[in-house]
2 protein chains.
Amino acid sequence: MAETDLRQRMTFLAEIDGLKTVARQSKIADGSRRENSAEHSWHLAMFAVVLGDLAEGVDVPRVIEMLLLHDIVEIDAGDTPIHAMSDSAAQEAAEQAGARRIFGMLPNPDRQRLMALWHEFEEAESSDARFAKALDRMQPLLLNTLNGGGTWAENGVTEEQVYARYGPVIRRGSEPLWTYARGLVRQHFQTLDAG
Amino acid sequence: MAETDLRQRMTFLAEIDGLKTVARQSKIADGSRRENSAEHSWHLAMFAVVLGDLAEGVDVPRVIEMLLLHDIVEIDAGDTPIHAMSDSAAQEAAEQAGARRIFGMLPNPDRQRLMALWHEFEEAESSDARFAKALDRMQPLLLNTLNGGGTWAENGVTEEQVYARYGPVIRRGSEPLWTYARGLVRQHFQTLDAG
């Protein structure tokens, strides 16, 4: 391995530190502040560690790697909140350019390997990507139920809208995960109605 | 899988959200604020993704999992700064109790598996644990060189002390990683001397 090669990898590792400054809409569980995309990615990877058997035919270490890098493009493109109207073509172009710039800092074979994993996540067709997408939807759902409604309360999102916006993606990755999540959502809105 | 089992796993995933509020001494690369242990764990896992070939005989997915969970005990025990004098017996006891409480929230086999991985990291004997420890030392070293000296500048740590405090752990995990790191440290202190 050439020294240049190692220097390129360190430059990449220094660059992705920027993900710690990308703010998401979701608040952390105690509600004290918004989550950043780096700690969100860590949390998601831990979801894969402990929920990996909820989807059949999934390569858990591969899903973990996909989740670790799935948001790195946000360093250039920013986060896209689920409950916001956004220009999806412009966002998509910014993310593609971000992927080329940031993964492009790595030497091969990692450059191609990480870029391919990110594309696979975005396409959401393989079992691994469908499960990764399901966890990426499940984690903010869990946070919202923990911190009193979070982005649902802030955006006036109804119970029916939660089912519509989270259900298809979670079910597509894992049916038992959605069964559980739906119960959490029902309980959350029941408590609100009773309050 | 019983529903209780899934509820226990979700309770664990909610509990470990607390790692996002554990502050470390190191600042993030842009120097704007201290790093938290959750985003640190994400960054470390990415170090393993792109530096995994720097150590022979290492199971990279296993190292990634070890790094994802290595700091979870800090939710109860707090972070131990490398340049501080601390009561290591009391810290060790607090971490052991934290591991029993937090990993103990999981059903088996994950409870035993994650607890064993954490112990293996702490013991720092296996190749996987030695490499994980090396990355855990390498990441703050890289951050300090990026943000103008960071914890070295704050604590009046000399170049020789850096070699003594980081060198043995990094070398023990990967000789080529230490060769590179030593060059970074040398360059950092040369620039300071010239400034």
message: Conditions first: (1) under 15 Å from the mean Cα position of the chain (by Cα); (2) of a type in the set (A, V, I, L, M); (3) assigned to a helix (DSSP H, G or I); (4) over 30 Å from B:ARG7 (Cα atoms). B:LEU117 passes all but one, so which condition is the exception?
response: (4)
message: Can you pull out every residue in region A:54-68 that is touching a residue at least 40 places away in the same chain (Cβ under 8 Å) and within 7 Å of another protein chain (Cβ to nearest Cβ)?
response: A:GLU65
- prompt: If you go through region A:16-35, how many residues are at the interface with chain B (Cβ under 9 Å from one of its Cβ atoms) and either in a strand (DSSP E or B) or crowded, with 16+ Cβ neighbours inside 10 Å (or both)?
  reply: 9
field: Condition check for B:PRO109: within 16 Å of the chain's Cα centre (by Cα) and surrounded by fewer than 15 Cβ atoms within 10 Å (Cβ to Cβ)
entry: no
Matching residues in region B:41-53 - criterion: being farther than 23 Å from B:TRP152 by Cβ and more than 8 Å from every other protein chain (Cβ to nearest Cβ): B:ALA48, B:GLY52
- request: Please verify whether region B:70-92 includes one or more residues that are open to solvent by 10 Å² or more (accessible area, probe 1.4 Å), within 14 Å of chain A (Cβ to nearest Cβ) and part of a helix (DSSP H, G or I).
  value: yes
message: Being closer than 19 Å to B:HIS40 by Cα, within 10 Å of chain B (Cβ to nearest Cβ) and either out of contact with any Asp or Glu (no Cβ under 8 Å at 6 or more places or on another chain) or not in a helix (DSSP H, G or I) (or both): is that true of A:ALA38 here?
response: no
- prompt: Name the pairs whose Cβ atoms lie under 6 Å apart, with the first residue in region B:87-101 and closer than 18 Å to B:LEU117 by Cα, the second outside any helix (DSSP H, G or I) and open to solvent by less than 70 Å² (accessible area, probe 1.4 Å), and 6 or more positions between them or separate chains?
  reply: B:GLU95/B:VAL73; B:GLY98/B:VAL73; B:ALA99/B:VAL73
query: Right, A:VAL49: farther than 27 Å from B:ARG9 by Cα and in contact (Cβ under 8 Å) with a residue 12 or more places away in the chain or not?
result: no
Of all residues making up region A:171-195, the number that are within 19 Å of B:THR11 (Cβ to Cβ) and touching a helix residue (DSSP H, G or I) at 6+ places or on another chain (Cβ under 8 Å): 12
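Okay, residues lined up against (1) out of contact with any strand residue (DSSP E or B) (no Cβ under 6 Å at 6 or more places or on another chain); (2) in a helix (DSSP H, G or I):
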| position | (1), (2) |
| --- | --- |
| A:GLU95 | yes, yes |
| A:PRO107 | yes, no |
| A:ARG113 | yes, yes |
| A:ASP136 | yes, yes |
| A:PRO140 | no, yes |
| A:ALA153 | yes, yes |
| A:TYR163 | yes, yes |
| A:ARG171 | yes, yes |
| A:ARG182 | yes, yes |
task: Scan region B:169-195 residue by residue and report those that are free of Cβ contacts under 8 Å to residues at least 40 places away in the same chain, open to solvent by 80 Å² or more (accessible area, probe 1.4 Å) and closer than 30 Å to B:ASP59 by Cβ.
output: B:ARG171, B:GLU175, B:ARG182
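The values are calculated or read from the model by the stated rules, or taken from the named source; none is laboratory data. Here the structure is a predicted model, which is why all the values come from computation and not from measurement. As a convention, Cβ positions derive from the backbone with ideal geometry for all residues, glycine included, and neighbour counts pool all protein chains shown. To get the accessible areas, we keep the full protein, side chains included, count just its heavy atoms, and leave off ligands, DNA and RNA. Shrake-Rupley method; radii C 1.70, N 1.55, O 1.52, S 1.80 Å.
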